[in-house]
1. What percent do you get for the relative contact order of segment 354-494 when only Cα pairs under 8 Å and 6+ apart count?
2. Can you check what the net charge comes to around G172, using other residues whose Cβ is under 11 Å from the Cβ of G172 (Lys, Arg +1; Asp, Glu -1)?
3. Taking the Cβ of T444 as the centre, find all other residues whose Cβ is under 13 Å away and add up their charges (Lys, Arg: +1; Asp, Glu: -1).
4. Could I have the simple spin-label model distance between D527 and H256, label points 7 Å from Cα toward Cβ, reported in nm to one decimal?
5. Measuring from centroid to centroid over Cα atoms, what is the spacing of segment 483-522 and segment 274-312 in Å?
6. For the pair Q47 and T402, how long in nm is the line joining their label points, each one 7 Å along Cα→Cβ?
7. Which of the peptides 504-511, 99-106 is most tightly packed, and how do the rest follow, judged by the mean count of other Cβ atoms within 10 Å per residue?
8. Quick one: P(r) of the chain from all Cα-Cα pairs, 10 Å bins, percents rounded to integers, in order of increasing distance.
Amino acid sequence: MATEKEDAYATEKHHEQTQDKELLRDETLVSDAKNAADAEQEMSLLQAIKLYPKAIGWSVLLSSTLIMEGYDLVLLGGLYASPEFNKKFGTYDAKKNKWAVSAAWQSGLSNGARAGEILGLILAGWVSDRYGYRMTTIGFLVLMIMFIFVLFFALNVQVLVVGEVLCGIPWGAFQSVTPAYASEVAPVVLRPYLTTFINMCWVIGQFFAAAVNKASVNRPDEWAYKIPFGVQWVLPVPILAGLIFAPESPWWYIRHGNREAARESLLRLTSRDDPTFNVDETIAMVEYTNELEKRTTQGLTYRDCFKGVDLRRTEIVVGIWLVQTLGGQNLMGYFSYFLTQAGLDASNSFSLSMGQYALGMVGTAGSWFLMSRVGRRTIHFSGLCSQLIILIIVGSLAFVKTNGSVWAIGGMLIMFTFVYDFTVGPVTYSLISELSSTRLKAKTIVLARAGYNASNIFVNVMTNYQLSSSAWNWGAKTAYFWAGTCLLSSIWVFFRLPEPKGRTYADLNLLFEHKVPARHFSRTKIDPFSQRVGDAIERVSRDGKAEKGLDQA
């Protein structure tokens, strides 16, 4: 019986593979797909904005869910400066004559949210594949609204930790869904802008958290902490109301064999005023790319992320996220800490923090202009090198024992924030969206972001020990440690991170399939619509001469 089932499965698999090959050789499909790809790569930014205004709007709306995560990231750190919050959730320290939340519970609160995010990421990977990005986001927004009640009415620090874990679940889901949706509803020229807007949302959330904390920190009642928690209800409701009418990604429909639904979705994402736009050719390009990926990606499970060609893609996307935690970015959150050491009161430190995050928004907007002229790989590597220099300067300032040196450290951390949000921060979202395969995009992003959150737990604990006066007490010398991890990250990026600028998903699929080295991605000529894929590739050698030799039917 088992042998019969295995034979039947093998026969069915062979039939599917035969159909896939026939579809790849369908001359009409190939011709239409090539026309759409050529039109997309020749499209200017202005043309793309005119043709895809609805896609831009829906992507921005869905990406706005990450404002909530950025908000909470800064909110908790600010609440530790609130006397009323400490009185409610902390313990009394007789020696210092004040109430405070212990370091253990502070770690529990911040790491509880990260643990919840990992769970949310894993759930979103399965749910989005089955029900789509739109329904997944709607479902987790409903959960978000419910879980905020736990934070708002928490009676003790234990319940507060539970609330952070629960709220972390939808935050994690939003982290995986937003870059996937943004990268699939827009053409090549718009992808970097819509995916990096996610970083803008993250910074906007941080800015508003600092503003709310500044306004409520000195209140003499329970509303000093209830207002900041309650503000989290402001965003989910309007976003939820809008997403009810949002179209699903055409790529998701194609992966599920629903061509007509994909066509209708694409029409809802584009303007009908452009007579040159051919919706059927664009759908053909999506179909062709999906079938091209099926040659190397047979399944849609997490296990498939670690098989064949997709293993390299998974390694790169996970590595990009890990670089975010290992590049010293964690020190940005300790800006207020260094200013408090300099004698600044909590309210004014929040004011300067708002300036820091506003500069981060300026940096993200500036990255849009940079990406239109410079490759993603170049931006990312240059940003890491700049961060390395700043970290070395911050560590060196620790040896200057003056009040002015602390202000100088604060100034360098502001500069670090600008560099990060101008380069590494926003371009990360563009890279992870483009370098993962379309069929495994959601799950690859889930694995990468889960690795990011797990490493964040380690980084948070390390940084607390490094800076705490009751532990290692390294102070600003901590920057030297993170300069070392930043250097290692820069080396990995140089050798492993490819350049996806100007490439369609079909291009990237073949570049990975033929194992083109990361440093040669931008110089490799490729035609994914040739009937014989191998004949269509020219890999450029190190001396600049074209080599033929990747001959694979």
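FYI, it's all coordinate maths here, none of it is from the lab. Not measured: the values here are computed from a predicted model. Because the Cβ atoms are built from the backbone with ideal geometry, glycine has one as well, and the counts that use them run over all protein chains shown.
1. RCO, segment 354-494: 37 percent.
2. Local net charge: 0.
3. For residues surrounding T444, the net value is +2.
4. Label-label distance for D527 and H256, simple model: 3.7 nm.
5. Answer, in whole Å: 19.
6. With each label placed 7 Å out from Cα toward Cβ, I get 5.8 nm.
7. Ranking the peptides 504-511, 99-106 by packing returns 504-511, 99-106.
8. 4, 17, 28, 25, 15, 8, 3, 1, 0
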